[in-house]
Amino acid sequence: MPARDSDHSIQFRLAYRALLLVSRGASERDAVQRAAALDPRSIGVKREALALVLGTVGEQDVIDILVRNVHPEEKMGMNARCLFRLTAYAMLRLGAKGQTRRIEHSLRTIAPIELLPRLEFFLGTLSAFDPTQQLHGLRDSERVALETHHPVWWVNYCFRAFGRTDAVELLSSRTRPRYLRVNPLKNRGRTTLPKELGVLAERLTKVLSTPGVYTVARSLSDFAGFFSSGSFQMQDLASFLAVKAGAPMPGENVLDLCAAPGAKTAAIAQLMKNRGTIVSVDYSRRRMNGWRREVQRLGVKIADPVISDASWLGLRDSFDLVIIDPPCTGTGVFDRNPRMKWHLSPKSVERYSTLQRSFLDSAASLVEKEGRILYCTCSLTLEENEDVVSRFLKSHLEFETRPILEQYGSPGLRGMSDCRRFFPHRDHAAGYFIARLQRTN
Ligand SMILES: C[S@@+](CC[C@H](N)C(=O)[O-])C[C@H]1O[C@@H](n2cnc3c(N)ncnc32)[C@H](O)[C@@H]1O
């Protein structure tokens, strides 16, 4: 009878299946969820499997060099490629912690039988691989790219935009904290820790600058039991501060453009104390299903969903506040979506920038006379941020920027000092850009 899979092997099998899904276009998190749904035994090891997937995808550049070195001639199918990628990551990064035999055992357990001989060969050659040898003779940006696991064009971009020293720190930054925010809509209007979360207090550290916001130590799974009650929301600090910078007030009429999966809608409703109206627009029906679940869980009563294209809105109302959180390159959140590093190019930056400009333009006519727009992205590029805003201001003289969040982050670049930027390595938050545009007459 074959030996029962250990938790360790189950974790590796889940990571392997998820990597295959990522190679077909799924996000890392979705891939782990979908793969876990196929095997009830894997429910308890999702977190560990996700860490393996994020690590493997995040370091894919060096890993693929290694795989090519071992099998230079071979046209490799995705099954083999994903298995060898996982093998390389686990052995190079985790093997040093005295885990080698356990990892090898798990890899042998999960490998398709036809790949076993090549896996053995691969494992045998791994010990001779010296990643530092790959760095010889490279130009500076190529070396930084391999050392920090980013494409060379992005390293060059960061050098130009932020200067080499800051760029290297930014590119080398790894994880940022996870933030939990108390939901006053389910806590009698208060931002103090509800009683039920008290038992987890030792896992939480107050963010002193922002009442009701905590960083979470270690695993999120301890919080899962409290999730459905809606007493808290997980949202990056910068994303919440973007909503705060818009200053939504009770009784106002707010348009939330690009709203799914609803993190900002919920934060807006909290600041409005569930008084007033929010119209939340997104063109993805699937993501808006997630929005519905989230606003319901968090007790939001004032938001209506509209499924529509944000650049062709048929709305006639005007709004006190329009929040625009458009799709972007996500260059400020590579740590949580590392696959995006390998898909983006300077062309994608241009494409997003054009789309973002069209959203801002279509929002302008929907803003009340004394109303405002809050524009934000989780991208670090100038084209998606300062450039979008400055082009908008040139063609809409009725709008001006206003200072925001002066005690947080750093000023926008290219002289746009009213705007705010957040950098993962300096601010322990997602890379973010936030601008508040006031309509004046
Ligand atoms: C950055 S996410 C928004 C996150 C959301 N504001 C939140 O805080 O949870 C961008 C959203 O834009 C939506 N989107 C992309 N293109 C769109 C378009 N042309 N019209 C409307 N929504 C669009 C995507 O479906 C995605 O949900």
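The values are calculated or read from the model by the stated rules, or taken from the named source; none is laboratory data. Because the structure is predicted, anything quoted here is derived from the model rather than measured. We place every Cβ from the backbone using ideal geometry, glycine too, and count neighbours over all the protein chains shown. Remember, those area values only see protein heavy atoms, side chains included, never the ligands or the DNA or RNA. Shrake-Rupley method; radii C 1.70, N 1.55, O 1.52, S 1.80 Å.
Things to note:
- Accessible area per residue, Å², the chain with all protein chains present, probe 1.4 Å: 47
- Accessible surface of D236 - all protein chains present, 1.4 Å probe, nearest 10 Å²: 30
- Projecting the Cα positions of S345, L298, V388 onto the charge dipole of region 297-426 (unit charges on Cβ atoms of Lys, Arg, Asp and Glu, taken about the Cα centre) puts S345 furthest along the positive direction.
- Restricting region 133-172 to trypsin sites (Lys or Arg not before Pro) in coil, as DSSP defines it, with at most 10 other Cβ within 10 Å: R139
- Shape index of region 397-441: Rg/Rh, with Rg the Cα radius of gyration and Rh the Kirkwood radius from the inverse mean 1/r over Cα pairs, equals 1.05.
- Kirkwood hydrodynamic radius of region 235-335, from the reciprocal of the average inverse Cα-Cα distance over all distinct pairs: 13.6 Å.
- A straight Cα-to-Cα reach below 27 Å connects K46 with the lysines K97, K264, K341, residues fewer than 8 places away in its own chain not being considered.
- C-alpha long axis of helix 7-23 to longest principal axis of the chain, angle in °: 60
- Kirkwood Rh (inverse of mean 1/r, distinct Cα pairs), region 129-263, angstrom: 18.4
- Here the convex hull built on the C-alpha positions of region 348-441 has a volume of 91 cubic angstrom per residue.
- For the chain, the share of DSSP beta bridges that are antiparallel, to the nearest 5, is 55%.
- Within region 288-347, the chymotrypsin sites (Phe, Trp or Tyr not before Pro) that combine a DSSP coil assignment with at most 10 other C-beta atoms in a 10 angstrom radius are W312.
- Over the C-alpha atoms of region 7-132, the Rg to Rh ratio, Rh being the Kirkwood estimate, stands at 0.94.
- Percent of Cα-Cα distances greater than 42 Å, calculated over the chain: 20
- Trypsin sites (Lys or Arg not before Pro) within region 179-267: DSSP coil, no more than 10 neighbouring Cβ in 10 Å: R188, R218
- Förster-model FRET efficiency, 25 Å R0, K394 and R426, C-beta, rounded to 0.05: 0.25
- Once the Cα atoms are used to define both axes, helix 285-297 deviates from the longest principal axis of the chain by about 70 degrees.
- Normalised per residue, the volume of the convex hull around the Cα set of region 178-234 (Å³): 71
- Angle of helix 28-37 to the longest C-alpha principal axis of the chain, folded into 0 to 90 degrees and rounded to 10: 70°.
- Which of S358, S9 is most accessible, then next, and so on - probe 1.4 Å: S358, S9
- Ligands, DNA and RNA excluded, the heavy atoms of T175 present near 130 Å² of accessible surface to a 1.4 Å solvent probe.
- For region 250-400, the equivalent ellipsoid derived from the Cα gyration tensor has semi-axes of 25, 21, 13 Å, listed largest first.
- Solvent-accessible surface (1.4 Å probe) assigned to H428 amounts to roughly 110 Å².
- When the solvent-accessible area of the chain is split by element, carbon and sulfur atoms take up 52 percent of it, the probe being 1.4 Å.
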